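Enquirer: I'd like to ask you about the structure that follows.
Each reported figure results from applying straightforward, stated rules to the coordinates on display, with no laboratory input. What you see is a predicted model; the values in this text were computed from it and never measured. Methodologically, a virtual Cβ is constructed for each residue, glycine included, from the backbone with ideal geometry; neighbour enumeration extends over all protein chains shown.
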Amino acid sequence: MRKYWVALSSIEEIGSSFIQRLYHYFGDIESAFNATDLSQIEGLNIKKAEKYLRLRDKLDVDKIVAEVENRGINYLTFDDEKYPRMLKNIDDPPSVIYYKGDLFGCNLDKTLAVVGSRRATGYAREALAQIISELNGTDVCIVSGLASGIDTTAHVSALDNNLKTVGVIASGFDYTYPAANKELYKRIENGCGAVLSEYYPTFEPLKFRFPQRNRIVSGLSYGTLVAEASLKSGALITANLTLEQGRELMCIPGLITNPNTQGIYKLLKNGATLVTCADDILEALGWEIKVEQKSLFSLPDLSEDEKVIYDTLEIEEKSVDELQAFTKLSIDNLLMYLTTMELKGIIKQVDGDRYKRVNPVNRS
């Protein structure tokens with residue numbers, strides 16, 4: 001019965017893998033819940049099993065379920081018919097999925113995970129937003145972790161382009177993390193997708209729960225797009241999980257001198273698919289490909305010096321003096337190139353002598 005899944009998930013001292021172990025050994029969740037002898041389960045830690053039995057015996061099952069339902073939280077258990085197929089196939093699937101919003105209004109057969117740096121550069125956010133905008137008109141569902149940075153850009157870009165999105169959080173629903181995303185949570189829950197968690201509502205967003213959350217982000221998805229990642233980025237955890245789960249791994253390239261892209265190039269060297277437009281994603285995943293779609297990087301021909309200037313402007317706008325310091329060009333040559341690049345529509349002058357990139361697709 002479903003209530004036993006929920007009751008077991010409320011025991012904070014055990015994890016989903018422990019519950020799954022009981023379930024698969026005893027064959028059904030009610031038998032697993034009521035079992036008093038766990039000694040025959042191979043490899044089960046005896047002390048942990050004894051502690052679990054003490055905690056389980058204190059549970060008020062009906063009260064625990066009522067606390068979930070009174071909060072307006074929906075849930076799916078592992079043996080539910082509607083439990084997402086892709087998630088069920090991973091090595092350590094969550095025993096219970098708690099969710100708010102319209103999970104089944106999302107096309108769970110076309111799910112794309114998006115991960116990346118919490119301190120994302122302007123370039124990475126703009127590039128990701130552009131690629132997601134090219135998915136407008138498809139039924140692709142964007143899955144991410146509702147964290148700051150790339151996650152937030154992924155969710156907002158999906159919503160702004162009439163795409164459904166699923167946010168996977170690393171706590172129970174009694175917490176909103178980060179607090180700055182409170183309105184984004186509401187926007188997703190109010191008909192534009194779903195927010196979900198494997199954690200009982202009272203569980204806090206503790207540090208160790210974020211890596212655990214990542215397996216669900218990738219596990220729900222047919223592929224993962226990494227938008228920006230340093231060599232120490234948590235996004236690489238999700239990237240590795242994607243490969244372990246046998247899913248497609250894709251990356252958006254960035255400036256090679258930017259530390260936040262070093263993880264990207266490591267993944268690309270190891271065989272990840274390079275993505276510069278939405279068609280690259282659709283093709284990699286074998287989904288229907290839209291036609292007449294321009295690449296994010298469809299730039300006009302540039303001289304070597306112009307490429308240096310363009311790359312220098314990748315992360316943020318710069319003054320003429322800053323550009324000269326970075327490029328080592330003479331002031332006359334630099335001004336000539338800046339004028340030429342403005343005429344080509346790939347940069348523009350802002351705030352006096354400062355310059356910034358122009359989106360190469362929209363030219364805005």
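Enquirer: What is the fewest-to-most order of ILE41, ILE256 by other Cβ atoms lying within 10 Å of their Cβ?
Expert: Values: ILE41 15, ILE256 10.
Fewest-to-most ranking of ILE41, ILE256: ILE256, ILE41.
Enquirer: Using the Cα centre of the chain as the reference point, and only Cβ charges (+1 on K/R, -1 on D/E), how large is the resulting charge dipole? Debye, rounded to the nearest 20. Before the final figure, lay out the partial values.
Expert: Details: 42 positive and 51 negative charges, 145 e Å.
Roughly 700 debye for the chain.
Enquirer: Once you have a ≥ b ≥ c as the square roots of the Cα gyration tensor eigenvalues for the range 14-95, tell me rounded if a/c is under 1.5, and otherwise prolate or oblate according to whether a/b is larger than b/c. If you can, show how the numbers build up before the last one.
Expert: Numbers: a/c = 2.16, a/b = 1.21, b/c = 1.78.
Oblate.
Enquirer: Right, another one. At a threshold of 8 angstrom on Cα-Cα distance, excluding pairs fewer than six apart, so keeping six or more, what relative contact order does the range 168-211 reach in percent?
Expert: Values: 51 pairs, mean separation 27.3, N = 44.
In percent, rounded to a whole number, it is 62.
Enquirer: Let me ask you something else. Please report Rg (one decimal) and Dmax (integer) in Å for the Cα set of the range 103-285.
Expert: In Å, with Rg to one decimal and Dmax whole: 14.8, 43.
Enquirer: Same structure, new question: How large is the dipole of the range 155-211 about the Cα centre if only Lys and Arg carry +1 and Asp and Glu carry -1, each at its Cβ, rounded to the nearest 20 debye? Walk me through the numbers on the way to the answer.
Expert: Details: 6 positive and 6 negative charges, 16 e Å.
Charge dipole of the range 155-211: 80 debye, to the nearest 20.
Enquirer: Given only helices, namely DSSP H runs of n ≥ 4 each adding -39500 (n - 2.57), what is the per-residue ellipticity at 222 nm of the chain, to the nearest 500 deg cm²/dmol? Please report the intermediate quantities before stating the final value.
Expert: Working: 16 runs with 146 residues, N = 364.
Computed mean residue ellipticity for the chain: -11500 deg cm²/dmol.
Enquirer: Turning to a different aspect of this structure: Taking other Cβ within 10 Å of each residue's Cβ, how do VAL156, VAL166 sort, fewest first? Intermediate values should be presented prior to the final figure.
Expert: Details: VAL156 19, VAL166 28.
Final ranking by Cβ density, sparse to dense: VAL156, VAL166.
Enquirer: Give, in nm to one decimal, the length gained when the segment between ALA179 and LYS88 is fully stretched (0.36 nm per residue of separation minus the Cα-Cα distance). Mind dumping the intermediate values first?
Expert: On the way: separation 91, 0.36 × 91 = 32.76 nm, distance 3.03 nm.
Between ALA179 and LYS88, full extension yields an extra 29.7 nm.
Enquirer: How long is the gain from THR276 to ASP139 if the chain were fully straight, where each residue apart is worth 0.36 nm and the alpha carbon distance is subtracted?
Expert: Working: separation 137, 0.36 × 137 = 49.32 nm, distance 1.98 nm.
Additional length available on full extension: 47.3 nm.
Enquirer: Taking a Cβ-Cβ separation under 4.7 Å as the criterion for a possible partner, which cysteines of the chain have none?
Expert: Lacking a cysteine Cβ partner under 4.7 Å: CYS192, CYS251, CYS277.
Enquirer: Another one. Under 1.5 on a/c is rounded, so check that first for the range 146-186, then, if it is not, pick prolate when a/b is larger than b/c and oblate when it is not; a ≥ b ≥ c are the square roots of the alpha carbon gyration tensor eigenvalues.
Expert: Numbers: a/c = 2.04, a/b = 1.77, b/c = 1.15.
Verdict is prolate for the range 146-186.
Enquirer: Mind giving me the nanometre distance, one decimal, between the label points for GLU67 and THR202, set 7 Å out from Cα along Cα→Cβ?
Expert: A separation of 0.3 nm, rounded to one decimal place.
Enquirer: Going by how many other Cβ atoms sit within 10 Å of their own, how do CYS251, CYS277 line up, fewest first?
Expert: Details: CYS251 25, CYS277 20.
Going from least to most buried by this count: CYS277, CYS251.
Enquirer: What Kirkwood radius, in Å to one decimal, follows from the Cα pairs of the chain? Write out the running numbers ahead of the final one.
Expert: Numbers: mean 1/r = 0.0447 Å⁻¹.
Hydrodynamic radius (Kirkwood, Cα only) of the chain equals 22.4 Å.
Enquirer: Compute the relative contact order of the chain as a whole-number percentage, counting only Cα pairs closer than 8 Å that sit 6 or more residues apart in sequence. Walk me through the numbers on the way to the answer.
Expert: Details: 627 pairs, mean separation 48.8, N = 364.
Relative contact order of the chain: 13 percent.
Enquirer: Positive end of the dipole of the chain, charges at C-beta (+1 Lys, Arg; -1 Asp, Glu), about the Cα centre: which of LEU249, SER157, TYR175 has its Cα farthest in that direction?
Expert: Among LEU249, SER157, TYR175, the one farthest towards the positive end of the dipole of the chain is TYR175.
Enquirer: At most 15 other Cβ atoms within 10 Å and a DSSP loop assignment: could you name the trypsin sites (Lys or Arg not before Pro) in the range 135-213 that fit?
Expert: Numbers: sites: LYS164, LYS182, LYS186, ARG187, LYS207, ARG209, ARG213; in loops: LYS164, LYS207.
Within the range 135-213, the qualifying trypsin sites (Lys or Arg not before Pro) (loop, at most 15 other Cβ atoms within 10 Å) are LYS207.
Enquirer: Return the single residue from LEU243, LEU163, LEU108 with maximal mean-square fluctuation; model: Gaussian network over the chain, springs between Cα atoms under 10 Å.
Expert: LEU243
Enquirer: Under 5 Å between amide H atoms, partner at least 5 residues away or on a different chain: which partners does SER230 have, H built in plane at 1.01 Å?
Expert: GLY263
Enquirer: Would you mind checking LYS51/LYS186; LYS164/LYS269; LYS186/LYS318; LYS82/LYS164 for any pair whose Cα atoms are more than 26 angstrom apart? Please list the in-between numbers first.
Expert: Details: LYS51/LYS186 38 Å; LYS164/LYS269 32 Å; LYS186/LYS318 37 Å; LYS82/LYS164 18 Å.
Beyond 26 Å: LYS51/LYS186; LYS164/LYS269; LYS186/LYS318.
Enquirer: Find, among the GluC sites (Glu not before Pro) in the range 5-61, those assigned to loop by DSSP (not H, G, I, E, B) with at most 15 other beta-carbon atoms within 10 angstrom. Don't skip to the end; give the middle numbers.
Expert: Working: sites: GLU12, GLU13, GLU30, GLU42, GLU50; in loops: GLU12, GLU13, GLU42.
Sparse-neighbourhood loop GluC sites (Glu not before Pro): GLU12, GLU13, GLU42.
Enquirer: With a ≥ b ≥ c taken as the square roots of the eigenvalues of the C-alpha gyration tensor of the range 83-179, please select rounded if a/c is under 1.5 and otherwise prolate if a/b is larger than b/c or oblate if it is not?
Expert: Numbers: a/c = 1.83, a/b = 1.28, b/c = 1.43.
Cα axes put the range 83-179 in the oblate bin.
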